[in-house]
Amino acid sequence: MPVSGAPYGAHQIVLPEPFDESLKDAPIDLETRIEMFRKQHQIRQLEKRLYTLFLEGLVRGTSHQSMGMEATSAAFGAALRPDDYSFNTYRGHGHTVARGVPPEPIIAELLGKATGLVGGKGGSMHLTSVEHGMMGSYAIIGAHLCIANGAAWSAKLRGTDQVAVAFFGDGATNIGAFHEAVNYAANYRLGTIFVCENNLYMEYTPIAEVTPVTHPAADRAPAYGLDAAIVDGNDADAVYLAARTAIERARTGGGPSIIEAKTYRHGGHSRADPGKYRPDPEVEAWLEHDPIPMYHQRLLDLGVGEDRLTAIIQEVAAEIDRAAEAAKSAPEPPAEALWTNVWANGGSQWRN
Amino acid sequence: MAELTYREAVAAGIAQEMRRDPSVVFLGEDVGGAGGVFKTTAGLLEEFGPDRVVDTPISEQAILGAAMGAAMTGLRPIAEIMFADFFAVCWDFVANEIAKSRYMTDGMVGCPLVIRSGNGAGLRFGAQHSQSIENWAMAVPGVKVVAPSTPKDLIGLMAASVRDPDPVLLFEHKALYPSKGEVPEGEIVDELGKARVLREGSDATVVALALMVPRALEAADRLAAEGIHLTVIDLRSLVPLDTATILRSVAQTSRLFTVEENPRLCGWGAEICSIVSEEAFWDLDGPIVRITTPHLPLASAPNLEDLALPDADRIAATIKAALG
């Protein structure tokens with residue numbers, strides 16, 4: 001049985017491929033690119049603010065941040081139709097923002113406030129906004145891949161062409177639900193799009209140490225009769241092109257897709273994790289392979305003025321400031337909220 | 001009025017709801033072409049077609065995940081988990097996902113679905129295909145739990161479960177599939193959370209569920225011949241729990257027995273004991289007695305399985321001894 005010969009934290013490093021400069025000429029209209037630029041900044045700035053709020057002791061519990069991984073969320077956010085469905089993991093702040101959910105209820109939710117996206121009952125790991133097609137953030141690895149299939153099935157039976165996207169990490173590819181979900185979707189040609197954000201670490205352990213294939217999602221696709229796309233998950237244009245292809249396939253009855261987006265988290269797995277198991281040269285290389293400055297430069301190269309980009313960044317910052325202040329001053333959930341919404345009648349009664 | 005088997009009532013109940021509401025869909029392993037491994041769902045594929053009656057792979061997580069995602073987005077799925085024991089391989093969906101979605105989203109996401117399953121012993125299938133897991137189910141906030149004992153109740157509770165906006169686990173008892181009962185013509189719709197008093201006697205109240213109901217009735221018949229008169233209540237629903245019917249009966253009889261097929265520890269009767277002793281202690285003339293399957297896995301040998309489950313002999317003897 002192969003076991004790692006490397007001591008903890010001294011495993012082989014995985015470096016990013018250079019950005020593909022030819023994507024500058026990809027057939028993506030400029031306004032879509034501006035939208036992806038804005039979404040990436042919305043996510044980055046929100047995550048930074050949430051981190052600050054955590055350091056101030058205002059965010060309790062755990063949360064899982066996605067700094068460094070913004071491009072995939074932003075690209076899907078731009079590529080999906082408002083009535084499409086998306087299902088996140090517990091590392092879902094970015095996917096939530098990308099569907100158009102404003103920052104205030106997200107921040108309020110993490111602060112445990114009544115104005116939180118789900119009334120303070122879900123927290124960081126359960127952000128949900130049905131009106132934005134964001135059907136929930138799921139904290140048990142793999143489950144939502146199966147659930148996304150149900151949404152795709154429902155769309156098919158109801159005769160709509162909505163698609164369902166499930167975002168998940170590399171770690172999810174080793175749980176049974178991943179395999180059940182992909183098999184199921186492929187068998188019934190459901191319009192489910194499986195998006196693996198491979199950030200190289202399942203939690204604290206390198207995915208390569210616990211997985212016998214190089215690409216944990218894409219290499220499993222042929223077993224289910226699917227082709228997979230492997231893309232630079234830090235390049236919004238690369239993800240957008242793959243997303244557009246997969247969405248078109250799903251919408252037209254062509255069945256599911258697997259996309260493996262290679263990326264890296266700038267921080268640790270969760271609040272409790274400084275990420276020290278990651279070798280310095282690897283972290284440094286991926287910090288250089290940051291989706292946001294690259295995309296800024298690409299837009300400049302495409303002729304967008306620095307003033308327009310700066311204005312977007314400042315708008316986003318002002319919005320986050322306003323949202324954080326409003327969330328901080330919002331009230332806690334009322335005590336009665338403890339007892340509400342177990343059942344559809346709004347209550348929690350289990351006996352007469 | 002027609003006589004149906006409990007087995008036939010399953011398909012009748014599902015078909016009634018699928019005819020009424022095109023958003024009702026049905027999925028599970030071997031449920032369509034094969035008509036179910038217990039032949040409970042014969043004819044549904046032929047009537048409703050493969051879009052609405054789906055033969056799935058052996059993928060309990062995929063089944064319940066698909067049911068949940070469909071329920072969240074406008075359908076009313078009925079999912080079959082073939083043997084209740086198999087809940088153990090998809091418990092994440094039952095306990096973490098389906099049960100909690102409405103609360104975690106503060107009411108935004110509901111899961112109106114039914115998970116029906118063959119529960120209980122009597123077929124000599126051994127420890128992994130014979131368990132009564134209703135007490136696992138009722139331990140999870142956010143799911144409703146019903147377990148009918150007759151064909152009519154099965155149809156009526158199936159309809160109530162499908163129409164309910166919350167997730168319902170419906171436990172059919174495998175050993176009851178061949179049993180027969182009168183079923184009225186026309187649509188049958190029952191109500192969740194209502195126990196039924198099946199016979200009234202003044203000496204003691206016996207609360208039973210599913211297969212334990214006919215056994216409790218048989219014990220009551222025998223004891224009646226000896227001058228001991230029992231009230232027998234078919235609980236039918238564990239969540240919501242009809243405590244009012246039980247408390248009312250205990251006020252009249254002053255003694256209470258539960259007859260449970262689930263293994264002893266934390267069986268549903270323990271909760272009823274707790275409620276009655278807190279709220280009706282001064283109505284009682286003697287201790288509450290639970291008659292349960294012992295806290296054991298089930299054996300496949302017929303004599304050992306029979307020894308484990310409460311039967312009419314044990315029920316009658318226990319009650320007689322306790323009443324002195």
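Taking chain B as a Gaussian network, where each spring joins two C-alpha atoms under 10 Å apart, which residue of B:Leu154, B:Leu192, B:Leu304 fluctuates the most?
Of the options given, B:Leu304 has the highest mean-square fluctuation.
Tell me whether chain A comes out rounded, prolate or oblate; compute the Cα gyration tensor, take square roots of the eigenvalues as a ≥ b ≥ c, and use a/c under 1.5 as the rounded threshold.
rounded
Can you put B:Ser117, B:Ser23 in order of Cβ neighbours within 10 angstrom, beginning with the fewest?
By the 10 Å Cβ count, ascending: B:Ser23, B:Ser117.
For helix B:312-323, report the angle its Cα long axis makes with the longest principal axis of the Cα atoms of chain B; keep it between 0 and 90° and round to the nearest 10°.
The helix B:312-323 is inclined about 40 degrees to chain B.
Sequence-distant or interchain residues sharing an amide H contact under 5 Å with B:Asn119, placed H: which?
Those lying under 5 Å, H to H, from B:Asn119 are B:Ala84, B:Glu172, B:His173, B:Lys174.
When we measure straight from the Cα of A:Lys113, which lysines land under 17 angstrom away, once same-chain ones fewer than 8 places off are left out?
A:Lys121, A:Lys328
Please compute the modelled spin-label separation between A:Arg60 and B:Asp30, points set 7 Å along Cα→Cβ, answer in nm with one decimal.
5.0
Treat every Asp and Glu Cβ in chain B as -1 and every Lys and Arg Cβ as +1, leave all other atoms uncharged, and give the resulting dipole magnitude about the Cα centre to the nearest 20 debye.
With only Lys, Arg, Asp and Glu charged at Cβ, the dipole is about 200 debye.
Using modelled backbone amide H atoms (1.01 Å from N, in-plane), which distant-in-sequence or interchain residues come within less than 5 Å of B:Arg290's amide H?
Under 5 Å from the amide H of B:Arg290: B:Thr258.
Counting DSSP beta bridges in chain B, what percent are antiparallel, to the nearest 5?
So the antiparallel bridges in chain B amount to around 20 percent.
Under 16 Å between alpha carbons, and skipping anything fewer than 8 positions from A:Lys276 in its own chain: which aspartates and glutamates qualify?
A:Glu203, A:Glu284
By DSSP, what percent of the beta bridges with both residues in the range B:2-183 are antiparallel, rounded to the nearest 5?
About 15 percent, rounded to the nearest 5.
Please compute the modelled spin-label separation between A:Ala285 and B:Lys39, points set 7 Å along Cα→Cβ, answer in nm with one decimal.
Rounded to a tenth, the inter-label distance reads 6.5 nm.
Where does each of A:Phe194, B:Phe26, A:Phe54 land when they are ranked from fewest to most other beta-carbon atoms within 10 angstrom?
In order of increasing Cβ crowding within 10 Å: A:Phe54, B:Phe26, A:Phe194.
State the volume of the convex hull built on the alpha-carbon positions of the range A:295-334, expressed per residue in Å³ and rounded to an integer.
65
Local charge sum around A:Cys146 (other residues, Cβ-Cβ under 13 Å, Lys/Arg +1, Asp/Glu -1)?
-4
Taking Cα atoms, how many degrees apart are the long axis of helix B:6-20 and the longest axis of chain B, rounded to 10 and kept between 0 and 90?
That helix lies at roughly 50 degrees to the long axis.
In whole angstrom, how far apart do the alpha carbon centroids of the range A:100-166 and the range A:204-224 sit?
First find each Cα centre; the distance between them is then 26 Å.
Between the range B:9-55 and the range B:127-197, how far is it from one alpha carbon centroid to the other, in angstrom?
Measuring centre to centre over Cα atoms gives 17 Å.
Would you kindly derive the ³J(HN,Hα) couplings of the range B:173-188 from the backbone phi angles with the Karplus curve 6.51 cos²θ - 1.76 cosθ + 1.60 (θ = phi - 60°), listing them in order in whole Hz, with x for Gly and Pro?
The phi angles translate into 9, 4, 6, 8, 3, x, 5, 10, x, 6, 10, x, 6, x, 5, 10 Hz.
From the convex hull of the Cα coordinates of the range B:2-183, what is the mean projected area in square nanometres?
Averaging across all directions leaves 9.3 nm² for the Cα convex hull.
Write down the Å³ per residue value for the convex hull defined by the alpha carbon atoms of the range B:196-323.
98
Set the Förster distance to 22 Å, then compute FRET efficiency between A:Glu21 and A:Glu315 from the Cβ-Cβ distance, nearest 0.05.
0.20
Name all residues of the range B:283-313 having a backbone nitrogen under 19 Å from the label point set 7 Å from the Cα of B:His229 along its Cα→Cβ direction, giving them as ranges.
B:285
Between A:Asp301 and A:Thr245, what FRET efficiency comes out of the Förster formula 1/(1 + (r/R0)^6) with R0 = 25 Å and r the beta carbon distance, rounded to 0.05?
That pair, A:Thr245 with A:Asp301, gives E of 0.55.
Taking chain A as a Gaussian network, where each spring joins two C-alpha atoms under 10 Å apart, which residue of A:Gly233, A:Gly191, A:Gly268 fluctuates the most?
Most flexible of the set in this elastic network: A:Gly268.
Highest GNM mean-square fluctuation, chain A, Cα pairs closer than 10 Å: which of A:Val283, A:Val342, A:Val213?
Ranking A:Val283, A:Val342, A:Val213 by mean-square fluctuation puts A:Val342 first.
Using the Kirkwood radius built from alpha carbon pairs, what does the Stokes-Einstein equation give as D for the protein assembly as shown at 25 °C and 0.890 mPa s, in µm² per second?
Here the translational diffusion coefficient equals 91 µm²/s.
Determine the percent antiparallel among the DSSP beta bridges restricted to the protein assembly as shown, to the nearest 5.
In the protein assembly as shown, DSSP labels about 15 percent of beta bridges as antiparallel.
Helix B:243-253: angle to the longest alpha-carbon principal axis of chain B, degrees 0 to 90, nearest 10?
Long axis of B:243-253 versus the principal axis of chain B: about 20 degrees.
Could you give the C-alpha radius of gyration of the range A:15-162 expressed as a fraction of 2.2 N^0.38 Å, taking N as the number of residues it contains?
Ratio of Cα Rg to 2.2 N^0.38 Å: 1.10.
Short version: what are the Cα gyration tensor semi-axes of chain B, square root of 5 times each eigenvalue, largest first, in whole Å?
Here the semi-axes work out to 33, 21, 19 Å.
Check which residues have an amide H placed less than 5 Å from A:Tyr201's amide H, if you skip close sequence neighbours.
It is A:Ile207, by chain and number.
Here, each number is a calculation from the coordinates, and none is a lab measurement. A quick note: this is a predicted structure, and the numbers were derived from the prediction, not measured. Counting neighbours? That spans all protein chains shown, and the Cβs are built from the backbone with ideal geometry, glycine included.
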